[in-house]
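The values are calculated or read from the model by the stated rules, or taken from the named source; none is laboratory data. Remember, it's a predicted structure, so these values are computed and weren't measured experimentally. Ideal geometry is used to build each Cβ from the backbone, glycine not excepted, and the neighbour counts take in all protein chains shown. Heavy atoms of the whole protein, side chains included, go into the accessibility calculation; ligands, DNA and RNA do not. Shrake-Rupley method; radii C 1.70, N 1.55, O 1.52, S 1.80 Å.
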Amino acid sequence: MLFRSWLLTEFEVIQSSKILYPVIERLELQKDYAKRLKSDSPLSIKDTFEMLSRDVDVKQFRNTSILEVRAFAPTAAGAAELANAVAEVYKESRDSSRNARAIRGIGALSNQIAQMKVDVDTARRQVDMLARTLNVPDIIKEASVSQTPAAAKIAQLEQLKTETQIGRAHV
């Protein structure tokens, strides 16, 4: 049921102004549709959108998650150009959304790391203060101590942040 809902949402997204307005601009469809109607002046973007909406159809391809974009135009080449432009703008939109989510995720990880560093520094200052108060010799304080859970978590988050940034660079 969730998949079907996602699919219906994507059908609507593809046929929305968010996708079709850039297609109109990219292919200069206001002029093209005006020529079809034998008009001397370009159509408004709203009128062009209405006409384009009728010329673009989106269907599920053979019960898969693949979306098939069909376009209708006076020529086969025009229909192919229109369908490909819709698919390209849709892909660019999805990529942009995915990148924005990744950037927000990196920001959240960076904030967690910064807070954990503050917490670790605070704890270190408290330990140092206790060591001075209790007259703990420096040799014990400087002895190698296993990594604290907070420090381990910071290292883990730093590694995840780096891996995410590297993954984004390859997209």
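Taking each residue of segment 31-43 that is closer than 16 Å to Pro74 by Cβ and looking for partners that are modelled with pLDDT of 90 or more and of a type in the set (Val, Ile, Thr) with beta-carbon atoms closer than 6 Å, six or more apart or interchain, yields Tyr33/Thr48.
Select from segment 115-149 the residues that are of a type in the set (Gly, Ala, Ser) and either open to solvent by 60 Å² or more (accessible area, probe 1.4 Å) or at pLDDT below 75 (or both) and list them in ascending order.
As a first pass, look at segment 115-149 and keep what is of a type in the set (Gly, Ala, Ser): 123, 131, 143-144, 146.
Selection gives Ala143, Ser144, Ser146.
Check segment 65-72 and report whether any residue there is of a type in the set (D, E, K, R), open to solvent by 40 Å² or more (accessible area, probe 1.4 Å), farther than 19 Å from Trp6 by Cα and part of a strand (DSSP E or B). Yes, there is a match, as at least one residue in segment 65-72 is of a type in the set (D, E, K, R), open to solvent by 40 Å² or more (accessible area, probe 1.4 Å), farther than 19 Å from Trp6 by Cα and part of a strand (DSSP E or B).
Of all residues being in contact with a strand residue (DSSP E or B) (Cβ under 7 Å, 6 or more places away or on another chain) and of a type in the set (Gly, Ala, Ser) in segment 53-100, which is nearest to Ile19 (Cα to Cα)? Just the residue, please. So that I can check it myself, show each step before the final result.
Initial filter on segment 53-100 (in contact with a strand residue (DSSP E or B) (Cβ under 7 Å, 6 or more places away or on another chain)): 55-61, 67-71, 79, 82-83, 86-87.
Retained after the next criterion (residues that are of a type in the set (Gly, Ala, Ser)): 71, 79, 83, 87.
Details: Ala71: 14, Ala79: 17, Ala83: 12, Ala87: 9 Å.
It comes out as Ala87.
Scanning segment 22-47 for residues that are part of a helix (DSSP H, G or I) and open to solvent by 70 Å² or more (accessible area, probe 1.4 Å) returns Glu25, Arg26, Lys31, Lys35, Arg36, Lys46, Asp47. Per the conditions (1) without any contact (Cβ under 8 Å) to a residue 40 or more places away in the chain; (2) of a type in the set (Lys, Arg); (3) farther than 16 Å from Gln159 by Cβ, the sole criterion not satisfied by Lys117 is (3). When the residues of segment 9-21 are narrowed to those that are free of Cβ contacts under 8 Å to residues at least 60 places away in the same chain and part of a helix (DSSP H, G or I), which ends up most open to solvent (accessible area, probe 1.4 Å)? So, considering only residues that are free of Cβ contacts under 8 Å to residues at least 60 places away in the same chain and part of a helix (DSSP H, G or I), the one most open to solvent (accessible area, probe 1.4 Å) is Glu12.
Of the set (1) open to solvent by 50 Å² or more (accessible area, probe 1.4 Å); (2) among the aromatic types (Phe, Trp, Tyr); (3) more than 20 Å from the chain's Cα centre (by Cα), all apply to Trp6 but (3).
Checking Gln156, Gln112, Gln60 one by one, the residue that is over 19 Å from Glu28 (Cα atoms), open to solvent by 90 Å² or more (accessible area, probe 1.4 Å) and either touching a helix residue (DSSP H, G or I) at 6+ places or on another chain (Cβ under 7 Å) or modelled with pLDDT of 95 or more (or both) is Gln112 and no other.
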